[in-house]
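Got a structure for you, questions after.
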Amino acid sequence: MLEEVAILDSIALLEFVTAVEKEFGIRMEPELLDFDFLRDLPALASYIEHRIEDAGAGA
Amino acid sequence: MRTVLSVPAAAEPLLTVDDVLWFLYLYPLRVLSAIIPRSVLYSFGKLSRFRARKRLDAAARRILKVQCPGIPRDQIEYIAAQFLANSAIRMLDDLVVGWPSYARRLRCREIEGFNHLESARSGGKGVILLTVHFCAIRIAKRYLAASGYPILTVRDEIAEGDWWGRVGRRVLAPRRMDFLQAIRGESVNVQDRGCVLKIVGRLRSGGLVNIHFDGLAGARTTPSTFLGARRNFSTGIFDIVRLSGCAVVPMLCVGQSSDFRIAFGPMLEIVPTPGRDEFIQANLPAFVETMERQIVTHPEEREQWMSI
């Protein structure tokens, strides 16, 4: 879980999301900007993988 | 041996004056608000001003003198009286918006600068409606929501209140909480861990978010002079603007539910900078100046005087 590796306040979470989006060249859907989703790092990694695969298949 | 001394807590009274007033407000007055004309409803506000009038008047005058040097001294008494009247009317207007049919009862005289709002929305990155705590903000937001412009409000958690007697705490406090939750409309508490994510989610959907700039400061703050006094402002709004790229539009609302006016100002010109601190320092003055102008122009509308 995210809170086990870092103490993040609300703004830090947004900075984390922005950094992830920038790093992987994706933009997360508004409905996924949810603390419970973001704190689950394996689920987040899986989501990013899917987004990268989808972008690759579409290219 | 360690001795622990315990001081008995002061016994809570069975019933307080505030219990009685909240009972009258939440039950008979609320029912009456659905059926009596607004002019009659507002007359109850005049009655309430007699309670603690001296204390409130004195506080209002003191605050206006200390914090608002831009306001002529000879108008302070008038402003203090108006501010008290507006605060009472705001509570009565809360009764009006508490009914499901509230939209039919809100009378907006005019909306100025709607083109500024539409222009900001056309950017597609959402809009922060920047306001200060004015008495008519809530009715304006409910009116806009009913007109197809839903607004997510960012605000503090509702305080439980320390004025209750035993009866009030048991019976009326939960009822008051339900009532206040219902009239707030769509909102997110700054104390929620996912608060900023909810705000940005709404902005990314192209939606509207209302932030009171003169609210209590958050965990990360920056100092600035505001109305002649030094105070801290939460930097959260600047982080959101910087990271989301949303537009910021000042919104002013004055009046009462039977006759109010909404005015949108031109979009604030956001100065882009490479770093976080530079961004705050570059943009803070415009935010402060815009909000100060609203307060100095309409000091009697600012409900925040009361809670300072």
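The values are calculated or read from the model by the stated rules, or taken from the named source; none is laboratory data. The structure presented is a predicted model; accordingly, all values stated were derived computationally and were not measured. Note that each Cβ is placed from the backbone with ideal geometry, even for glycine, and that neighbours are counted across all protein chains shown.
Name the pairs whose Cβ atoms lie under 7 Å apart, with the first residue in region B:12-32 and free of Cβ contacts under 8 Å to residues at least 60 places away in the same chain, the second surrounded by fewer than 16 Cβ atoms within 10 Å (Cβ to Cβ) and not small (Gly, Ala, Ser), and 6 or more positions between them or separate chains?
So the pair list comes out empty.
From the list B:162, B:178, B:192, pick out the single residue that is within 14 Å of chain A (Cβ to nearest Cβ) and either surrounded by fewer than 19 Cβ atoms within 10 Å (Cβ to Cβ) or closer than 26 Å to residue A:16 by Cβ (or both). Break it down into steps so the answer makes sense when it comes.
Values: B:162 fails: within 14 Å of chain A (Cβ to nearest Cβ); B:178 fails: within 14 Å of chain A (Cβ to nearest Cβ).
Among B:162, B:178, B:192, only B:192 is within 14 Å of chain A (Cβ to nearest Cβ) and either surrounded by fewer than 19 Cβ atoms within 10 Å (Cβ to Cβ) or closer than 26 Å to residue A:16 by Cβ (or both).
OK, next. Would you mind telling me which numbered condition in (1) assigned to a loop (DSSP other than H, G, I, E, B); (2) modelled with pLDDT of 95 or more residue B:193 fails?
Failed condition: (2).
When you scan region B:222-257, how many residues do you find that are more than 23 Å from residue B:279 (Cα to Cα), in contact with a Ser or Thr (Cβ under 8 Å, 6 or more places away or on another chain) and at pLDDT below 95? Step through it out loud before you land on a result.
Of the residues in region B:222-257, the ones more than 23 Å from residue B:279 (Cα to Cα) are B:228, B:252-257.
Those left that are additionally in contact with a Ser or Thr (Cβ under 8 Å, 6 or more places away or on another chain): B:252-253.
Next cut, at pLDDT below 95 only: none.
The qualifying residues number 0.
Going residue by residue through region B:226-248, is there one that turns out to be assigned to a loop (DSSP other than H, G, I, E, B), buried (at least 21 other Cβ atoms within 10 Å of the Cβ) and over 20 Å from the mean Cα position of the chain (by Cα)?
yes
Out of contact with any strand residue (DSSP E or B) (no Cβ under 7 Å at 6 or more places or on another chain) and part of a loop (DSSP other than H, G, I, E, B): does that describe residue B:272? Break it down stepwise before answering.
Values: out of contact with any strand residue (DSSP E or B) (no Cβ under 7 Å at 6 or more places or on another chain): yes; part of a loop (DSSP other than H, G, I, E, B): yes.
Criteria met by residue B:272.
Out of B:117, B:84, B:129, which single residue is out of contact with any Ser or Thr (no Cβ under 8 Å at 6 or more places or on another chain) and over 30 Å from residue B:267 (Cβ atoms)? Let's see the steps before the verdict.
Values: B:117 fails: over 30 Å from residue B:267 (Cβ atoms); B:129 fails: over 30 Å from residue B:267 (Cβ atoms).
That would be B:84, the only listed residue that is out of contact with any Ser or Thr (no Cβ under 8 Å at 6 or more places or on another chain) and over 30 Å from residue B:267 (Cβ atoms).
Residue check: is residue B:216 in a loop (DSSP other than H, G, I, E, B) and surrounded by fewer than 18 Cβ atoms within 10 Å (Cβ to Cβ)? Break it down stepwise before answering.
On the way: in a loop (DSSP other than H, G, I, E, B): yes; surrounded by fewer than 18 Cβ atoms within 10 Å (Cβ to Cβ): yes.
The answer is yes for residue B:216.
Something else: Going by the conditions given, is residue B:157 more than 18 Å from residue B:29 (Cβ to Cβ), acidic (Asp, Glu) and touching a helix residue (DSSP H, G or I) at 6+ places or on another chain (Cβ under 8 Å)? Explain how you work it out, then say what you get.
Numbers: more than 18 Å from residue B:29 (Cβ to Cβ): yes; acidic (Asp, Glu): yes; touching a helix residue (DSSP H, G or I) at 6+ places or on another chain (Cβ under 8 Å): no.
Judged against the criteria, residue B:157 is not a match.
Let me ask something additional. Suppose we keep only residues that are part of a loop (DSSP other than H, G, I, E, B) and among the polar types (S, T, N, Q) within region B:111-159. Which one would you say is surrounded by the most Cβ atoms within 10 Å (Cβ to Cβ)?
Keep residues of region B:111-159 that are part of a loop (DSSP other than H, G, I, E, B), which gives B:113, B:122-126, B:132-133, B:135-136, B:147-150, B:156-159.
If we keep only those that are among the polar types (S, T, N, Q) as well, we get B:122, B:147.
On the way: B:122: 10, B:147: 12.
Here the residue is B:147.
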